[in-house]
1. Output the residue which, of all residues in the range B:108-134 that are among the β-branched types (Val, Ile, Thr) and without any contact (Cβ under 8 Å) to a residue 40 or more places away in the chain, is surrounded by the most Cβ atoms within 10 Å (Cβ to Cβ).
2. So B:Thr239 passes all but one of these: (1) free of Cβ contacts under 8 Å to residues at least 40 places away in the same chain; (2) surrounded by fewer than 17 Cβ atoms within 10 Å (Cβ to Cβ); (3) touching a helix residue (DSSP H, G or I) at 6+ places or on another chain (Cβ under 8 Å); (4) away from every other protein chain (no Cβ under 14 Å). Which condition number does it fail?
3. Before we move on, is B:Tyr231 under 17 Å from B:Gly84 (Cβ atoms), of a type outside the set (Asp, Glu) and under 22 Å from the mean Cα position of the chain (by Cα)?
4. Looking at the range A:122-173, which of its residues are more than 19 Å from A:Met90 (Cα to Cα) and hydrophobic (A, V, I, L, M, F, W, C)?
5. Name the pairs whose Cβ atoms lie under 8 Å apart, with the first residue in the range A:70-87 and touching a residue at least 40 places away in the same chain (Cβ under 8 Å) and at the interface with another protein chain (Cβ under 7 Å from one of its Cβ atoms), the second among the β-branched types (Val, Ile, Thr) and buried (at least 20 other Cβ atoms within 10 Å of the Cβ), and 6 or more positions between them or separate chains?
6. Across the range A:146-162, which residue is surrounded by the fewest Cβ atoms within 10 Å (Cβ to Cβ) among those that are part of a loop (DSSP other than H, G, I, E, B) and hydroxyl-bearing (Ser, Thr, Tyr)?
7. So B:Val218 ticks every box in (1) surrounded by 19 or more Cβ atoms within 10 Å (Cβ to Cβ); (2) farther than 16 Å from B:Thr156 by Cα but one. Which box is left unticked?
8. Just name the residue that is nearest to B:His273 (Cα to Cα) out of those in the range A:88-103 that are in contact (Cβ under 8 Å) with a residue 24 or more places away in the chain and within 7 Å of another protein chain (Cβ to nearest Cβ).
Amino acid sequence: MGASISLDFITHKFSATAEPTLKDIENRIEPGELVALIGRSGCGKSTLLHMMAGLLIPTEGCVRINSHQVAKPSAKWNMMFQKASLYPWMSVKENAALGLIFDGVSKGEAGQRVDALLDMVGLNDKKNANVQSLSGGQQQRVALARSLATEPEVLLLDEPFSALDAFTRTQLQEEVPNICRERGLTMVIVTHDIDEAIAMADRVLIMSQNPGRIVGELVVDLPWPRRHMDAGFQAMRDELMKQFKGTDTGLAGRHTSVADESEKTASAA
Amino acid sequence: MSTSNSQSIPVTNMMPNMGWFLGLFKSLQYPALGITCLLALWWVGGYMIEADPDLSAFSAFAPAPTFSALVDMVSSGEVWAPIGSSLYRILAGLVWGIAIGVPVGVTVGYFGVALKVTNVPFQFLRMISPLAWMPVAVLAFDSWDSAIIFLIVMATVWPIIFSTAHGVRRIDPNWFKVARNLGASGFQMLRRIILPAIMTDVMAGIRLAVGVAWVVLVPAEYLGVTSGLGYAINDARDTLAYDYLAAVVLVIGIIGYGLDTVCSVLIKRFNWHVE
């Protein structure tokens, strides 16, 4: 089952004299909720995610998972990174089982437990392969199986698909929320891709920069699976764009032009 | 159809054998050429020594007397005792070198402060010839054997420390982050992540160390001891048995080459990089 996450008045400075990177962050994520954190590069969204993972401790305030204060990393709140960072001296199966090995599970039992997971992520014929022979998408699937193997309550994703090709990315954007929903996991994904946020999350939190704050929120009440071409999806994207412009997060670029174009087509029709 | 089939079968069976021989020949042709050149130079040198009346007393250094002395030493079995003593010293020195070098190297590589503190002293100590420690070694150890092993340790420990530290510094920082995130303890991090990650570098350091140690061993055995290949050279010189002296030199070269080959096989074995 998933766990709740509460962000209790988090302020963070990387040094005593520096301007705060994060300021007065407060939010509560319900058990089993899928949340996307979006914002411009450098707004501190990844820093906030590292705090949820216990890889970084905020200078003020704290993260609580199921009301326990997060003080160090744990396999119960597991993070997936942009790079799969698999260990090349281990096979696919050994990589996936690593968290269980750290937890003191015997090699044989760990192997059995990751078998089904590797089937689920579509690597049933690659279990004994050298991880260096896998494609980027396959490597990220191993990392996903590795994160799920320890049966976490929270899955934290730090732009995990940004280095993948569009086809694989779309597939994983569909598969990962499905897995989380089936298992009741709480998921938090950090992304700068508006489509990814809408495709994967129940709720999108918008962050501003200098200092990093949560400045907007959008509930995505679209049915699953999410289709990028659906009218609802498009409307949700426009709404999110509007919030961005309103909060002046500077997250413009290609998404603005996409929104502008859709406005043009709408007015032309 | 059937005739063409029956003809093609032996041909396809022959092909792999031919290919294998061809491959072996190709892989050996350049080393064989090199060895032949070396032997030719040696032979020419021997010929010139023999032709010079001032030097003809040393004519036993030529290939023919050397090989016959080598055959003598091998057939009488007298070659094995010095080889055994020398290999024992080098292995003992290497074991100590690894036991000290790997933990120190991991510490220096992992903690930036340790690197800053040790860099100058280590570079200073590294440049001192291991043989320069001989007087110290003789005072500090009560047996010649221990003194020689100490010199070997002084030769092996530096390449192992530097190579290990270099390996640790090269580790992808994400590997630490992922492992911490999966709940690795300090010991698990060392055993499952750091040691396998640096194994190739450690082996490369050991390979360098073996080379230096083998070179240092022979002069170290000139002193005090009455066994080993270095002693055998000294002994042959004192008895004017130059053919035996050259044969021992040959044995030293062959064993050194063998040790290096073992190391390079181990490096390949532990290398996880995709070629």
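The values are calculated or read from the model by the stated rules, or taken from the named source; none is laboratory data. Since the structure is predicted, the reported quantities are computational estimates derived from the model, not experimental observations. A quick note on method: Cβ atoms are made from the backbone with ideal geometry, for glycine too, and the neighbour counts reach across all protein chains shown.
1. B:Thr118
2. For B:Thr239, the failing item is (3).
3. yes
4. A:Val154, A:Leu155, A:Leu156, A:Leu157, A:Phe161, A:Ala163, A:Leu164, A:Ala166, A:Phe167, A:Leu172
5. Within 8 Å, the pairs are A:Ala75/A:Thr150; A:Asn78/A:Thr150; A:Asn78/A:Val154; A:Phe81/B:Val178; A:Ser85/B:Val178; A:Tyr87/A:Val131; A:Tyr87/B:Ile193.
6. The first filter runs over the range A:146-162 and keeps only residues part of a loop (DSSP other than H, G, I, E, B), leaving A:150-153, A:159-162.
From the residues that got through so far, the ones that are hydroxyl-bearing (Ser, Thr, Tyr) too are A:150, A:162.
Details: A:Thr150: 21, A:Ser162: 14.
My answer is A:Ser162.
7. Failing condition for B:Val218: (2).
8. Result: A:Pro88.
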